[in-house]
Amino acid sequence: MNPLARKLILLNIALDAIVIDQISKWAVTELVIRPKFDVIFVDLISWIVKAPEKMPYTAIEIFPFFNIVMVWNQGISFGMLGGGAATNFLIAMPLAITAFFIVWLFRSTSWFQGVAIALVIGGAIGNVIDRIRFGAVIDFLDFHIGDIHYPAFNIADSCVVVGIFLLIFHSIFLEKKA
């Protein structure tokens with residue numbers, strides 16, 4: 001395959017991850033959470049153009065082990081380093097790391113590795129978009145056993161975790177060793 005076409009396909013995978021992440025955040029916020037508060041619905045285009053007001057924390061039980069929640073994560077993993085001046089750092093750091101991953105993506109010769117890198121890029125940018133728009137990341141997936149909850153997360157977080165897992169898998173099992 002033409003190297004340019006390959007790069008464009010991989011960048012499209014990253015873009016798809018961003019779009020799916022942002023649409024999922026809009027859908028949960030506007031179609032699931034907002035109706036609980038009788039607040040006026042915001043359509044997708046309006047939501048993208050102008051960030052709506054933040055909804056308060058809420059939880060909706062879907063299954064005994066899974067809730068849809070409204071959480072505004074102002075920190076990094078598990079809410080660490082949240083709020084205030086850290087917000088600029090939490091925008092700049094993922095963008096710098098994303099630049100590194102884009103260079104790696106363009107140099108990669110493995111499809112498997114390329115897809116993994118594209119997922120990491122898409123997930124990182126999806127969360128940066130939230131930080132720029134809202135000053136926090138929208139997290140809404142809440143898995144738990146009884147009162148023990150795994151920290152809430154979103155589609156972008158899932159893309160980053162799956163991408164990193166695939167990179168590790170590739171490095172251990174698929175990459176040719178010197």
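What follows draws every value from the coordinates through simple rules; no lab data is involved. Given the structure is predicted, the values throughout are model-derived calculations rather than measurements. All Cβ positions, even for glycine, are placed from backbone atoms using ideal geometry, and neighbour counts span all protein chains on display.
Annotations
- To the nearest ten degrees, helix 111-134 and the longest principal axis of the Cα atoms of the chain are 30 degrees apart.
- Taking the charge dipole of the chain about its Cα centre, with +1 at Lys and Arg Cβ atoms and -1 at Asp and Glu Cβ atoms, the residue from Asn127, Gln113, Leu15 reaching farthest to the positive side is Gln113.
- Pairs of lysines in the chain (C-alpha under 21 Å apart; 8 or more residues apart or interchain): 4
- Annotation: the residues Met55, Met1, Met93, sorted from fewest to most other C-beta atoms within 10 Å of their own C-beta, follow the order Met1, Met93, Met55.
- Label corresponding to log10 I(q)/I(0) by the Debye sum over Cα atoms at q = 0.11, 0.12, 0.18 Å⁻¹ when calculated from the structure given, among [x] -0.53, -0.62, -1.19; [y] -0.57, -0.65, -1.08; [z] -0.40, -0.49, -1.21: [x]
- Helix 86-107 axis versus longest C-alpha principal axis of the chain: approximately 30°, rounded to the nearest ten.
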